Amino acid sequence: LGAPTSINCSCQTKQPRRLTRGVCASIYRIERFFVSKIKRVVIKIGSSLLTDEVRLTVRWAFMQRTLEDIADLVEDGYEVIVCSSGAVALGMRTIGVTPATAGLRDKQAAAACGMPLLLNAYKQVGHEHDLNIAQVLVTLGDFEDHPRFLNTKNTLHRLLAANVVPIINENDTITTEEIRVGDNDRLAAKVAQMVEAQHFVILTGVDGLYDRNPDEPGAQFIDVVHDVSDYIAATEEVSTLGTGGMYTKMQAANMAQNAGCTTLIANGNADSPISSVLRGERRCTKFVAHDQPTDSWSAWLTNRLQMAGSIVVTAEMVDAIVDGSRPISRTDVIEVSGNFVKGDVIHIYDEEGVERARGMVDFSSEETEILVRNLEIPVKQLLGYHSRAVLVEKTNMISVDDRHISWDQSSLGQTRN
Ligand code: GLU
């Protein structure tokens, strides 16, 4: 790790930043023209770091340390994206609720009050370090819908090209339970996948992952994780202020690993909280990136935050999925669950209920049912138009056998609102 070797800016002086930044930025832009691999890091910052748990106000000392560190990273040639929690917690005082008493509507209102406070803090402290920051609010659809995914990605790249640090959060005010990501761990992992970041740093209140609750005697710290499934059982706790616990961090790390991004979970309460872990100077848990990352289309298909439904396919079709020999036709399907529409991504299970692939379906669940239940009737007669009745094309289907954990089995049979 460490600062990118390609950016050897001659301006070594860190102060005053404003004087050096312009020259550094020009040299950096010229060098970047010739260097294809920019070092890109996505940083997720949890509510408990940004917010005082009792007073529900900004932890300014943390903001100072963190933004100074980010400014150093930017100066060293990193492209930095921050996924920041804290809006809901910071807005609670205004509407008179606490983390213990707030319901969904309270949190939506609190987010509306807290978001300007949060951004103001970033803007104010960022300004002291000559950092340009921008706000990007997203919802689930910005990740799950492919055109919106590409649109969001393009905006982020444009901001990075302008040397701006995007501060991303979920637009909690307008999202409800069914259409929200819900936690910024997975949201940030999706961003890391979206921008093809090399590093994903999750700053939290603990040093990293333990093999059991860290308060239990004998808890062992885990330095390196290759396969997150080894540690699922140890990660069920949820923090008071944020919505994620270690479990969502494991999901997030798994998504990032699959996309070829190394994840580092570290305690944010430290000096230079990000660069110190990037340089390997401080204890953290490292989730090693998959050595053969999926391409961005496959990553988009498999790293889903919500699934619309599922089908169960025959054993012959499972073999065909494994060797990639043919698409899924109506004769291959045994069972259809959920309420999906054309273009949704669904689970593909074998007859034992094991998820074998994920795929983008070309028919709605209603049409799929009709096609599958009436094999003796020609497709034209069933649908009213001629069709090959291919439910999932080969190119729109990814086998998940070797690298994916079926995180959202529970979404089976879920209905669309
Ligand atoms: N989006 C929420 C907020 O800004 C935080 C979600 C999370 O804690 O992961 O407060």
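Every number here is computed from the coordinates shown, using simple stated rules; none is lab data. Computed from a prediction, not measured in an experiment: that's the story for all the values here. Reconstructed Cβ throughout: ideal geometry from the backbone, glycine too, with neighbour counts over all protein chains shown.
In table form, for the structure just shown:
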read-out	value
Residue 340 long-range amide H proximity, modeled H, under 5 Å	365, 366
Paired Rg and Dmax values of the stretch 99-196, which use every Cα atom, in angstrom	14.4, 43
DSSP-defined antiparallel bridges as percent of all bridges, the chain, nearest 5	40 percent
Ranked 392, 372, criterion: other C-beta atoms within 10 Å, fewest first	372, 392
In sequence order, calculated HN-Hα J values of the stretch 356-365 (Karplus, 6.51, -1.76, 1.60; Hz; x Gly/Pro)	10, 7, 10, x, 8, 8, 9, 9, 6, 4
Whole-Å semi-axes of the chain's equivalent ellipsoid (Cα gyration tensor)	40, 24, 21
Too-long pairs where the Cα-Cα distance tops 21 Å, listed order kept, from 190/394; 249/286; 44/249; 44/190	190/394
Rg/Rh (Cα only; Kirkwood hydrodynamic radius) as it applies to the stretch 249-309	1.09
Protection proxy ranking of 264-272, 219-227, 304-312 - average other beta-carbon atoms within 10 Å, highest first	304-312, 264-272, 219-227
For residue 202, distant residues with modelled amide H under 5 Å away	44, 264, 265, 266
Two-decimal log10 I(q)/I(0) for the stretch 156-237, as the Debye equation yields it once each C-alpha is a single scatterer, q = 0.18 Å⁻¹	-0.99
For the stretch 274-351, share of DSSP beta bridges that run antiparallel, in % to the nearest 5	60 percent
